[in-house]
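The next block holds one structure in the form of structure tokens; read it before the comments.
The values are calculated or read from the model by the stated rules, or taken from the named source; none is laboratory data. Computed from a predicted model, the values in this text were never measured in an experiment. Heads up, the Cβs are rebuilt from the backbone with ideal geometry, glycines too, and the neighbour counts pull from every protein chain shown. Side chains included, ligands, DNA and RNA excluded: accessible areas come from the protein's heavy atoms. Shrake-Rupley method; radii C 1.70, N 1.55, O 1.52, S 1.80 Å.
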Amino acid sequence: MRPIRLPELPIGRRSAAEVFEAGIYGIIKRVVVIGNGFSGAENQCIGLVRALGLSGCHTLYRVTRPRGGINKWLHWLPVSLHKKLDYVMRQICIYSGVQVEAGWSKVVPFTIEKTGLSSVIEADAKQIAMMARDTFEKEGPLLVIASGRDTISVASSIKRLATENVFLVQIQHPRSRLNRFDLVITPQHDYYPLTPHGQRQIPWFLRRWITPGRPPDRHMVLTVGALHLADSAALRSAASVWHDELAPLARPLLVVNIGGPTSSCQYGADLAKQLIAMLQNVLWSCGSVRISFSRRTPEKVSKILLKEFSSNPKVYIWDGEGPNPHMGHLAWADAFVITADSVSMLSEASTTGKPVYVIGAERCTWKFADFQKSLWERGAVRPFTGKEDISESWSYPPLNDTAEAASQVMKALADRGWTIDA
């Protein structure tokens with residue numbers, strides 16, 4: 001296993017002088033995380049919590065949408081309006097004698113239902129703000145971290161209702177009215193639509209809905225990729241947990257992570273066949289290959305790869321059963337091949353400093369193409385061609401977005417006279 005070259009988090013314990021200066025009412029000891037039920041968004045929040053040294057001090061709330069029926073076509077609506085419309089439609093069906101489709105009234109998103117986390121409390125802005133105000137003198141300020149479009153309304157309402165008691169960090173760009181937040185953390189490629197090339201791709205009447213309102217200001221912290229959980233401590237722990245299964249494998253170990261098509265990075269069986277041909281060409285240089293699919297991977301893609309490699313002794317394919325080896329793969333891999341659609345998987349792998357090969361980048365458009373370009377310019381990724389010798393290593397300065405974002409949060413808190421109880 002190649003060593004994991006990750007910078008240590010810059011968040012250390014405060015000196016006695018810092019504690020005295022901040023005062024008992026200026027020390028943050030608790031965090032409320034506002035999620036949307038999707039791991040990609042919620043892991044960014046929890047990764048930031050870890051980087052701030054507040055692991056175990058957070059409470060997770062969720063903003064959920066109705067499901068079933070025609071609700072899958074209504075995700076463009078604000079959450080509050082979506083819920084009201086769903087209620088009205090169900091009442092109309094009940095009074096008219098029309099049978100409501102099974103599962104229509106559920107407001108638990110797929111990922112929550114599947115993982116059994118439906119007991120997570122629905123976020124209520126008034127209740128959370130009241131808690132922040134009522135406990136301020138005893139518990140100090142409340143740090144609120146939210147991620148995803150659906151959380152914006154609730155998170156900003158908490159801030160409005162408890163302005164003097166809450167510090168609000170919003171992850172992912174809210175597009176407008178940044179003064180609702182104390183800090184916004186977002187990737188640089190979110191500002192691609194403001195570039196001349198990006199502007200040419202947007203009809204003028206859609207720009208206010210698609211682009212950020214203006215260039216970055218003092219509310220903004222720009223990252224290269226997504227925040228995540230794969231910090232140095234997490235990978236050391238994963239290396240230990242997965243030691244017995246992954247340490248004995250023949251080296252080099254190539255990990256292949258396959259996401260799923262998006263509107264800005266489309267592919268299907270054609271990419272799976274291309275990947276198979278390329279992997280066949282580099283198998284000679286690999287000791288072992290481990291392939292993982294995400295929940296977004298189309299069944300036709302996974303079936304093609306399973307059919308081709310299920311009997312190959314060098315290749316192991318995780319079928320979704322048992323513990324997810326993702327963190328173990330990050331810790332033990334010698335190199336990665338990752339589909340271009342996943343900002344999260346590419347961000348995590350680029351944190352390790354190990355070779356990252358990307359397949360399908362030429363299929364990405366819009367700001368996702370800009371993200372691929374930024375990784376390539378940093379030397380963090382290379383295109384996967386099928387001509388590589390996986391035993392030949394290369395390196396680059398690892399991405400350190402999560403720790404750097406945490407440092408900016410700490411600085412913004414200090415400007416307000418608050419600090420972290422780490």
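What to note about this one:
- Nearest 10 degrees, 0 to 90: helix 125-134 Cα axis against the chain principal axis: 60 degrees
- Accessible surface of the chain [probe 1.4 Å, protein heavy atoms]: carbon and sulfur percent: 56 percent
- Approximating the spin labels as points 7 Å out from Cα along Cα→Cβ, the W376-to-S395 distance works out to 2.5 nm.
- Loop-resident trypsin sites (Lys or Arg not before Pro) (DSSP state other than H, G, I, E or B) in the range 188-272 with no more than 13 further Cβ atoms inside 10 Å of their Cβ: R218.
- Average accessible area per residue (Å²) across the chain - probe 1.4 Å, nucleic acids and ligands excluded: 48 Å²
- What the phi angles of the range 194-206 give under the Karplus curve with 6.51, -1.76 and 1.60, with θ = phi - 60°, is a coupling list of 8, 6, x, 5, x, 4, 5, 8, 10, x, 4, 6, 9 Hz, glycine and proline written as x.
- Most mobile listed residue (C45, C93, C57) in the chain, GNM with C-alpha springs under 10 Å: C93
- Label-zone membership for the range 129-169, site K29, 7 angstrom Cα→C-beta point, backbone N under 16 Å: 132-143
- Cα centroid separation, the range 131-192 to the range 193-213 (Å): 25 Å
- Counting only lysines at least 8 places from K84 when in the same chain, those with an alpha carbon closer than 17 Å to its own are K72, K106.
- Amide proton proximity set for M220, modelled H, under 5 Å, gap of 5+: V184
- Rounded to the nearest 20 debye, the dipole magnitude of the range 232-383 is 200 debye, with +1 charges on Lys and Arg beta carbons, -1 on Asp and Glu beta carbons, and the Cα centre as origin.
- Alpha-carbon radius of gyration plus Dmax, which is the widest Cα pair, for the range 185-292 in Å: 20.4, 58
- Note on Y95 and R295: with the Förster distance fixed at 35 Å, the Cβ-Cβ geometry gives a FRET efficiency of about 0.40.
- Taking the helices alone, the chain has a mean residue ellipticity at 222 nm of -11000 deg cm²/dmol, built from -39,500 (n - 2.57) per DSSP H run of at least 4 residues and averaged over all its residues.
- The GluC sites (Glu not before Pro) of the range 367-422 meeting both criteria, a DSSP state outside H, G, I, E and B (loop) and at most 16 other C-beta atoms within 10 angstrom of the site's C-beta, are E392.
- Taking the chain as a Gaussian network of alpha-carbon nodes connected by springs under 10 Å, the highest mean-square fluctuation of the residues A349, A41, A272 belongs to A272.
- Highest mobility in the GNM of the chain, judged by mean-square fluctuation with C-alpha springs under 10 Å and restricted to D124, D401, D389, is found for D389.
- Electrostatic dipole magnitude of the chain [Cβ: Lys, Arg +1; Asp, Glu -1; Cα centre; debye, to 20]: 1060 debye
- Taken over the alpha carbons of the chain as equal point scatterers, the Debye sum produces base-10 log I(q)/I(0) values at 0.07 Å⁻¹ of -0.37.
- Sorted largest first, extent of the range 232-383 alpha carbons per principal axis (Å): 42, 35, 29
- Debye-sum result for the range 290-376 in log10 I(q)/I(0), which assumes one identical scatterer on each alpha carbon, at q = 0.18 Å⁻¹: -0.90
- For the chain, the Cys residues with no second cysteine's beta carbon closer than 4.7 Å are C45, C57, C93, C286.
- Annotation: for a label point projected 7 angstrom from Cα along Cα→Cβ of D270, residues of the range 327-351 with backbone N closer than 17 Å are 340-341.
- For the range 115-231, the Cβ-based charge dipole about the Cα centre amounts to some 700 debye (Lys, Arg positive; Asp, Glu negative; other atoms uncharged).
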